[in-house]
Amino acid sequence: MVTAGVNFAPSRSGTFDLADEIAELKRERKAVILAHNYQVPEIQDVADFVGDSLGLSYHAQKTDADVILFCGVHFMAETAKIINPTKTVILPDLEAGCSLSESCPPEKLAAFLKQHADKNYYVIAYINCSAGVKALSDVICTSGNADRIVNAAPPDRNILFVPDQNLGAWVMERTGRKMDLWQGNCYVHVEFTARSIRKIREEHPGAPVVAHPECTYAVRMLADEVCSTEKMVTFCKNSPADAIIVVTEGGMLHRLKKEIPNKTFIPGPTDNCFCGECRFMKMNTLEKAVNALRDLEPEITIPEPIRKRAEAPILRMLELSK
Ligand code: SF4
């Protein structure tokens, strides 16, 4: 039997129920499955925990499993490895990267910091960055705790916020703290435009708009609420509206529909045919997840000096977010 494009061996039971297969392998491997809100529904449905970067970081920190199957993109699995150096961390597809993370290579950041040494920057890195960038940072933040992290920054230091210019601008608006912003962005969230949001609002009068802070300023201005994906769940639960327009990566709708089945969720549209789905997040499939658990690869490895330097700012974030 062939499963398209995937090296998948028949299960011991002779059936091809991937959910059963993964449950059995999980027990054998003493593994935990962590999945980001943007993962495909089949992966979300077999995960032990589905959440945003902050929630996933906490779960990665407190797990006593031997193996972490991280269903998200590379920097997320790296983060789990940084705080769990003795555990095996695997990712279904090693090619699952991130345009935002790629917009800030560590060498470029190191050169920038050297060039602007007179600024004595306090570097706040959004978690969507590589281990190399985390190792150059003072503290990490997520969209769920960015205000708190920025407010806790030393008042006498210049702040450099990397790599997302839109999230950085949003946090500046909210905290009033001036920061220099790295000019990176998420290729998915910048596809939503003011025009596309106005249009969908006209089609669904009365439906509030909830948007992710990685969206541009023009889109954020049209939103009723701007927040992390985790806070979107709370917003949608508490909103009196029956229908809500959700402006973020499309995978989020599965979790919302599952947790709030009595409401309608309308995906935020774009001006073109672009579907609002992250091609990197969607590289992971249930078949690849099964293979990863069976073979314990692809495994995430990080040179120890970088891992150690990257750990401190993550732990600082977790401490400040309690
Ligand atoms: S949705 Fe954007 S920020 Fe998230 S992984 Fe994809 S490219 Fe990166």
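Descriptive notes on the structure:
- Scanning the stretch 277-322 for residues that are in a helix (DSSP H, G or I) and under 17 Å from the mean Cα position of the chain (by Cα) turns up Met281, Lys282, Met283, Ile314, Met317, Leu318.
- Test: residue in the stretch 259-273 that is hydrophobic (A, V, I, L, M, F, W, C), assigned to a helix (DSSP H, G or I) and away from the ligand (no atom under 16 Å from the Cβ): no
- Of the residues making up the stretch 93-106, those that are more than 14 Å from the ligand (Cβ to nearest atom) and either free of Cβ contacts under 8 Å to residues at least 12 places away in the same chain or in contact with a Ser or Thr (Cβ under 8 Å, 6 or more places away or on another chain) (or both) are Pro105, Pro106.
- Positions within the stretch 181-201 being among the acidic types (Asp, Glu) and open to solvent by less than 10 Å² (accessible area, probe 1.4 Å), in sequence order: none
- Of all the criteria given as (1) within 16 Å of the ligand (Cβ to nearest atom); (2) open to solvent by less than 30 Å² (accessible area, probe 1.4 Å), the one not satisfied by His74 is (2).
- Of the residues making up the stretch 260-293, those that are hydroxyl-bearing (Ser, Thr, Tyr) and within 29 Å of Arg201 (Cα to Cα) number 2.
- Scanning the stretch 17-32 for residues that are free of Cβ contacts under 8 Å to residues at least 40 places away in the same chain and of a type in the set (Lys, Arg) turns up Arg27, Lys30.
- So Ala111, is it small (Gly, Ala, Ser) and part of a helix (DSSP H, G or I): yes
The values are calculated or read from the model by the stated rules, or taken from the named source; none is laboratory data. Because the structure is predicted, anything quoted here is derived from the model rather than measured. Because the Cβ atoms are built from the backbone with ideal geometry, glycine has one as well, and the counts that use them run over all protein chains shown. SASA here: full protein model, heavy atoms, side chains in, ligands and nucleic acids out. Shrake-Rupley method; radii C 1.70, N 1.55, O 1.52, S 1.80 Å.
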